[in-house]
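Trainee: Here it is, the structure in full.
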Amino acid sequence: MTALAVECELCPRRCILANYQRGDCRVRVNVDGTLYTLVYGKPCATHVDPVEKKPLFHFLPGTPIYSIATAGCNLHCKYCQNWEISQTDPEDARNVDLEPARVVAEAQRTGCISLAYTYSEPIIFYEYTLEASRLGRARGLKNVLVTAGYIEPAPLRELCKVSDAANVDLKSLSDEFYREICGGRLEPVLKALTIFREEGLWLEVTNLIVPELNDAPSSITKLVRWVRDNLGAETPMHFSRFYPMYKLANLPPTPVATLTMARNIALEEGMKYPYVGNVPGHPGNNTYCPGCGQAVVERHGYAILAYRLDGNKCNKCGATVAGLWAPPPGDVRWVF
Amino acid sequence: MKKKLKKTNVALTLVVAACLALAVYVGVQGIVAARGGADAADEAARKKAFEKAMAGGRLSFEEAKYWRQLEPAEGEEPR
């Protein structure tokens with residue numbers, strides 16, 4: 001006698017699971033013909049972060065965001081910067097009990113106005129993300145997804161209904177890169193990005209630049225052009241510095257010059273808000289007015305040094321700066 | 001005499017063919033049984049690992065969204 005196999009329809013892997021078999025994500029299991037999640041209400045990481053750490057630079061800047069993650073991931077990037085939690089079985093992680101209602105309560109207790117589903121991959125703790133987002137929204141909190149976007153369209157659209165913003169890690173515009181370095185495919189990620197845009201979430205894109213793998217100017221140009229043509233020139237792009245990690249610990253950190261080059265390519269291609277990430281103090285940390293070029297938000301890493309917006313307008317020339325901006329907090333402030 | 005020998009040959013050939021057919025049948029059944037046994041052993045191992053993981057108390061057990069049951073393969077019976 002054999003129990004029914006099940007097919008997981010959450011992500012493009014479409015894992016087919018025999019009885020008691022887990023999905024590639026490690027956190028979904030078939031038991032007697034029913035698929036269960038093992039990480040609902042069991043985060044292994046909970047922190048209050050600045051929203052800039054996600055990174056989101058045009059979404060309620062300077063505000064704290066309650067951030068959670070569970071173990072597991074449906075991609076297996078050889079350079080994963082959070083591999084200790086993303087590439088481990090959930091039973092081996094230091095989980096805490098935190099039901100969705102308590103996530104919302106903790107966020108409010110700690111003065112956060114948003115929730116972030118982040119660090120590992122919110123898609124694999126989908127049910128937890130969905131319920132916490134519903135409860136959070138009902139209590140006036142914003143919901144932010146920090147994701148690689150490796151998800152099927154139907155569950156993504158359902159999740160978008162209760163989400164406000166996303167930072168999607170577009171790793172490369174090469175399918176070969178996705179297959180060989182990340183163990184996935186490019187096309188579903190591009191589809192997810194267009195769905196985020198269609199569903200009206202505030203969207204920012206991160207591209208972690210890894211030396212020797214995706215740092216060629218032609219690769220960066222191709223990626224920038226796709227973002228510009230499909231998501232719009234006002235989509236903030238974060239070119240982030242890679243640090244040697246996990247299976248690519250043999251590579252050097254990304255040279256700052258490479259990140260500067262990527263940002264310059266984006267500017268030349270007409271992108272309005274390209275940033276350099278993981279390099280505190282770089283001029284590419286700032287938001288510049290697309291009208292007059294004034295630094296409307298000056299940053300040092302995650303900290304805001306100066307804020308020169310009135311609502312969503314540059315206080316010098318009045319040009320609109322895209323994003324969801326918090327009420328002006330004052331001329332200068334430090335956060336965190 | 002020749003006719004008798006011919007009859008004997010035919011009879012022997014039939015017996016040998018029947019034996020061969022029986023051997024093949026028994027062999028195939030053995031392979032099928034062994035495979036079924038291996039599947040059962042795999043499932044038992046997975047169940048044991050799952051129960052051990054659950055026993056740690058660090059996991060939830062909530063029904064997931066977005067999945068479907070697959071029809072059992074021909075010859076299989078759903079539990």
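Trainee: Out of curiosity, is A:Ala107 closer than 28 Å to B:Gly57 by Cα, in contact (Cβ under 8 Å) with a residue 24 or more places away in the chain and surrounded by fewer than 22 Cβ atoms within 10 Å (Cβ to Cβ)?
Mentor: Details: closer than 28 Å to B:Gly57 by Cα: yes; in contact (Cβ under 8 Å) with a residue 24 or more places away in the chain: yes; surrounded by fewer than 22 Cβ atoms within 10 Å (Cβ to Cβ): no.
Answer is no for this residue.
Trainee: Is one or more of the residues making up the range A:169-190 out of contact with any Pro (no Cβ under 9 Å at 6 or more places or on another chain) and part of a strand (DSSP E or B)?
Mentor: Within the range A:169-190, one or more residues are out of contact with any Pro (no Cβ under 9 Å at 6 or more places or on another chain) and part of a strand (DSSP E or B).
Trainee: How many of the residues in the range A:13-41 are assigned to a loop (DSSP other than H, G, I, E, B), touching a Phe, Trp or Tyr at 6+ places or on another chain (Cβ under 8 Å) and facing another protein chain (nearest Cβ under 8 Å)?
Mentor: 5
Trainee: Hey, among A:Leu75, A:Leu4, A:Leu10, which residue is in contact with a Gly (Cβ under 8 Å, 6 or more places away or on another chain), at negative phi, assigned to a loop (DSSP other than H, G, I, E, B) and at the interface with another protein chain (Cβ under 7 Å from one of its Cβ atoms)? Let's see the steps before the verdict.
Mentor: Details: A:Leu75 fails: at the interface with another protein chain (Cβ under 7 Å from one of its Cβ atoms); A:Leu10 fails: in contact with a Gly (Cβ under 8 Å, 6 or more places away or on another chain).
Just a single option satisfies the conditions, and that option is A:Leu4.
Trainee: Shifting gears a bit: Would you say B:Tyr25 is aromatic (Phe, Trp, Tyr) and either at pLDDT below 75 or more than 21 Å from A:Asn19 (Cα to Cα) (or both)?
Mentor: On the way: aromatic (Phe, Trp, Tyr): yes; either at pLDDT below 75 or more than 21 Å from A:Asn19 (Cα to Cα) (or both): yes.
In short, yes.
Trainee: Can you confirm whether the range B:3-18 contains a residue that is charged (D, E, K, R) and either surrounded by 14 or more Cβ atoms within 10 Å (Cβ to Cβ) or at pLDDT below 75 (or both)? So that I can check it myself, show each step before the final result.
Mentor: Of the residues in the range B:3-18, the ones charged (D, E, K, R) are B:3-4, B:6-7.
Those left that are additionally either surrounded by 14 or more Cβ atoms within 10 Å (Cβ to Cβ) or at pLDDT below 75 (or both): B:3-4.
For the range B:3-18, residues charged (D, E, K, R) and either surrounded by 14 or more Cβ atoms within 10 Å (Cβ to Cβ) or at pLDDT below 75 (or both): present.
The values are calculated or read from the model by the stated rules, or taken from the named source; none is laboratory data. This one's a predicted model, so the numbers in the text were calculated from it and none came from an experiment. Counting neighbours? That spans all protein chains shown, and the Cβs are built from the backbone with ideal geometry, glycine included.
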